[in-house]
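The values are calculated or read from the model by the stated rules, or taken from the named source; none is laboratory data. Here the structure is a predicted model, which means the values were calculated and not measured. We place every Cβ from the backbone using ideal geometry, glycine too, and count neighbours over all the protein chains shown. These area figures cover heavy atoms from the full protein model, side chains too; ligands, DNA and RNA do not enter into them. Shrake-Rupley method; radii C 1.70, N 1.55, O 1.52, S 1.80 Å.
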Amino acid sequence: MFKVAFRPRIVTSLKGYHRGRLLGDVGAGLTVGIVALPLAMAFAIASGLKPEVGIFTAIVGGFLVSLLGGSSVQIGGPAGAFIVVVADIVQRHGLSNLIIATFIAGLLLFVMGALRMGNLIRLIPISIVVGFTNGIAVLIALSQVRDFFGLNIAELPSHFFEKTQALWLARESINPYACTLAASGLLLLWFWPKQGQHKRGVLHWLEAVPAPVLLLLLGSVAVSSFELPVETIGSRFGGIPQSLPPLQIPTVNWGTLKELWGSILTIALLGAIESLLCARVADNLIHERHDPNQELMAQGIANLTVPLFGGMPVTGTIARTSLNARMGASSPIAGILHACTLLTIVLIAAPLAKHVPLCMLAAILMYMAYNMGEWSEFIRMNRLTLIYRTVFLATFILTVVIDLTVAVEVGLVLASLFFIYRISQLTEIEPLPLSKDDMDKGIRSYHLYGSLFFGAVGKLEALLSDEQSDVRIIILEGHQLISMDTTGIDALQALASSLKDEGGQLILCSLNQQPRQLIKRSGFETVVGAEFVLPTYEAALEKARLCVSESTAKAVK
């Protein structure tokens, strides 16, 4: 009977827990919680949602991911990778269907973890991951152009070409105050001292102040003090409530659900990739190995729970997780405290958020988008293989121009086709040297190298060409044949049948474990004859000579 191994990392990480580790977790949790506030609001607004949706997601999702996850320092919450997907669902299907899509995606994530598929996610080629990550970064930056420049656009279209056209047509409505604030904020983010760069002095103390938080404070003070004519959270959304929303049970519309399946699979796949990539980054920082299956189950539970509070999808967040590790976190307690910090801020200081200018949040997201992308891939394009370039560029362009779901699907298909082609090219069937006497008797022997699968069986079918009509015995030597599939078995069976029709015989020898077991399990050993599946090439050659002698003797009689 299948058993789900559910063991959160918090169970083992608290063994030997002491005061020093607690202080490190408290400091990290408070810092990450403060940093997460502007990011959570920015991700929600960029997705077409109210800012409190991002905060509630960070509180509930972050708490559950830390409590139940498979990493000691993973921080869960809303992420930039989901902006494009969420915005598309909200615009086409509404918030209620986003809740349903997130809920079902959470169920899929939990099932993936329960079925121990965590390691399989790593099989997705890095060219696809980098391609859609860069594409998402471009779309995030593009979606913030309106608020960054204060453009007068009532509703920004979701499709790339329509969006760029709308931005271009509204170019004359640039708000100089919003533009100046956003540009100043971007410069502050860019040049603010990074954590760990300075050991002493004033800059060392400045590192302790999160730049996004300082940016929102300065922007809010400037807008409220000088009454600048820029859009704020208060003017667009009316502020943020000082409490968590009541529980709401999503109602499923089966007709709409059919249209949501593509988005649901994208959320689940993207959530799995992002969270496990983030956990691997955390492993390198704290020199620990996470449990990918436990992490997927925790992400699943978080995405099952967050929709009940009207939240958006949850995943691991690389920036906040890295900050958590660098600030000295050593257990999931830090992540739990990060969620508690956010909740405390909401309960106490939520009314202050109405003064936050949206252009400052746009600047934060633009900065995050730049750091999110791996732009060096374009610079070193000439040094990459043609296969990598093709998959990477196809995924990137399709993500930007068409849709993330289509991009990942096409990327996977291209990667699979290229992989099949490369493996088929590695598969070789080479003739082995034989004496003239053996050749005259109609014996031929070949060395199999690589994998005999559906993409390479054509090379096997070519062994019985018109030029070799005198062939009576074929020996296939396979000590370097690493694998075989059922199509390979069918090709062998066709070859054996063709030889038998002409009074000949197929002989196999020196097979590795996988091909040997498949031949036996499929019943092909019985078809070809167990006595013609031999352990060594020498034994196979002797058997071939004996077959020829017996055949000749019968012909004489």
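If amide H atoms are built 1.01 Å from N in the plane of the peptide, which residues on other chains or at least 5 residues away come under 5 Å of the amide H of LEU49?
none
Of (1) 0.93; (2) 1.04; (3) 1.27, which one was derived for Cα Rg over 2.2 N^0.38 Å from the structure shown?
(3)
Which value in Å does the Kirkwood hydrodynamic radius of the range 77-189 take, with 1/r averaged over all unlike C-alpha pairs and then inverted? Show your work: numbers first, answer last.
On the way: mean 1/r = 0.0594 Å⁻¹.
Result for the range 77-189, one decimal place: 16.8 Å.
At a 1.4 Å probe, what is the % contribution of carbon and sulfur to the accessible area of the chain? Don't skip to the end; give the middle numbers.
Details: 16300 of 25990 Å².
Carbon plus sulfur share of accessible area: 63 percent.
Using the Karplus equation 6.51 cos²θ - 1.76 cosθ + 1.60 (θ = phi - 60°), what ³J(HN,Hα) coupling, rounded to whole Hz, does each residue of the range 140-151 give in order, writing x for Gly and Pro?
Each residue of the range 140-151 in turn: 5, 4, 5, 5, 9, 4, 4, 6, 4, 9, x, 5 Hz.
Tell me, how many Å apart are the Cα centres for the range 401-448 and for the range 285-300?
Each part's Cα centre sits 37 Å from the other's.
Against the 2.2 N^0.38 Å scaling, with N counting residues, where does the range 226-324 land? I'd like the Cα-based Rg ratio to two decimal places. Display every interim value, and only then the final one.
Details: Rg = 18.1 Å, N = 99, 2.2 N^0.38 = 12.6 Å.
Working it through for the range 226-324, the quotient is 1.43.
Given Cα pairs under 8 Å that are at least 6 residues apart, what percent is the relative contact order of the range 416-477? Spell out each step's value before the answer.
Working: 72 pairs, mean separation 24.3, N = 62.
Answer for the range 416-477 is 39 percent.
Give the relative contact order (percent, whole number) for the chain; include only Cα pairs under 8 Å separated by 6+ residues. Numbers along the way, then the final one.
Details: 974 pairs, mean separation 128.3, N = 557.
Relative contact order comes out at 23 percent.
At a 10 angstrom cut-off on C-beta neighbours, averaged per residue, how do the peptides 409-420, 425-436 rank from highest to lowest? Provide the component values of the computation, followed by the final result.
Values: 409-420: 16.5, 425-436: 12.3.
Ranking the peptides 409-420, 425-436 by packing returns 409-420, 425-436.
Quick check on packing: order 448-461, 48-61, 273-286, 69-82 by the mean number of other C-beta atoms within 10 Å, highest mean leading. Mind dumping the intermediate values first?
Values: 448-461: 19.0, 48-61: 26.4, 273-286: 20.8, 69-82: 30.5.
The packing order, highest mean first, is 69-82, 48-61, 273-286, 448-461.
In terms of solvent-accessible area of protein heavy atoms at a 1.4 angstrom probe, what is the ranking of LYS15, LYS543, highest value first? If you can, show how the numbers build up before the last one.
On the way: LYS15 140, LYS543 55 Å².
The ordering from most to least exposed comes out as LYS15, LYS543.
Leaving ligands, DNA and RNA out of it, rank GLU227, GLU162 by accessible area with a 1.4 Å probe, largest first.
Working: GLU227 150, GLU162 95 Å².
Sorted descending by solvent-accessible area, the residues read GLU227, GLU162.
Place the peptides 517-527, 228-238 in order of packing, highest mean first, counting for every residue the other Cβ atoms within 10 Å and averaging per peptide. Mind showing how you got there, number by number?
Details: 517-527: 15.2, 228-238: 17.3.
With the highest mean Cβ count within 10 Å placed first, the list reads 228-238, 517-527.
How big is the dipole moment of the range 399-557 about its Cα centre under a simple scheme where the beta carbon of each Lys and Arg is +1, that of each Asp and Glu is -1, and everything else is neutral? Debye, nearest 20, please.
Details: 14 positive and 21 negative charges, 84 e Å.
In total the dipole reaches around 400 debye.
Between GLN242 and HIS18, what is the label-point separation in nm under the 7 Å Cα-to-beta-carbon projection?
Placing both labels 7 Å along Cα→Cβ, they lie 4.3 nm apart.
Classify the range 1-103 as rounded, prolate or oblate, taking a ≥ b ≥ c as the square roots of the eigenvalues of its Cα gyration tensor: rounded when a/c is under 1.5, otherwise prolate if a/b is larger than b/c and oblate if not.
Working: a/c = 3.74, a/b = 1.52, b/c = 2.45.
Because a/c hits 1.5 or more and a/b fails to exceed b/c, the range 1-103 counts as oblate.
On a C-alpha basis, how far is the centre of the range 476-534 from the centre of the range 24-95 in Å? Whole number, if you could?
56
With every protein chain in place, what's the accessible area of PHE191 (1.4 Å probe, Å², nearest 10)?
150
Take every Cα pair under 8 Å in the range 363-476 that's 6+ residues apart, average their separations, divide by the length, and report that relative contact order as a whole percent. Kindly include the intermediate steps, with their values, before the conclusion.
Details: 91 pairs, mean separation 21.5, N = 114.
It comes to 19 percent, rounded to a whole number.
So what does log10 I(q)/I(0) come out to for the range 399-494 at q = 0.15, 0.17, 0.19, 0.22 Å⁻¹, using the Debye formula with one equal point on every Cα and no solvent?
Results for the range 399-494 at q = 0.15, 0.17, 0.19, 0.22 Å⁻¹ read -0.68, -0.80, -0.92, -1.10.
Kirkwood hydrodynamic radius, computed over distinct alpha-carbon pairs, for the range 342-411: how many Å, to one decimal?
Working: mean 1/r = 0.0647 Å⁻¹.
For the range 342-411, inverting the mean 1/r across all distinct Cα pairs yields 15.5 Å.
Would you calculate the separation in nanometres between label points at TYR177 and LEU120, each defined as 7 Å from the Cα along the Cα-to-beta-carbon direction?
Distance between label points: 5.5 nm.
Go through LEU277, LEU265, PRO210 and say which Cα lies farthest out towards the positive end of the charge dipole of the range 205-359; charges sit on Cβ, +1 for Lys and Arg, -1 for Asp and Glu.
Going by the charge dipole, the pick is LEU265.
Between SER445 and residues 5 or more places away or on another chain, which pairs have amide H atoms under 5 Å apart, with H built 1.01 Å from N, and which residues are they?
LEU432, ILE475
Using the Karplus equation 6.51 cos²θ - 1.76 cosθ + 1.60 (θ = phi - 60°), what ³J(HN,Hα) coupling, rounded to whole Hz, does each residue of the range 212-224 give in order, writing x for Gly and Pro?
Per residue, the Karplus-derived 3J(HN,Hα) values read x, 5, 4, 4, 5, 5, 5, x, 5, 5, 5, 5, 6 Hz.
On full extension of the chain, what length is gained from ALA349 through ALA462, given 0.36 nm per residue of separation minus the C-alpha to C-alpha distance?
Numbers: separation 113, 0.36 × 113 = 40.68 nm, distance 7.64 nm.
Roughly 33.0 nm would be gained on extension.
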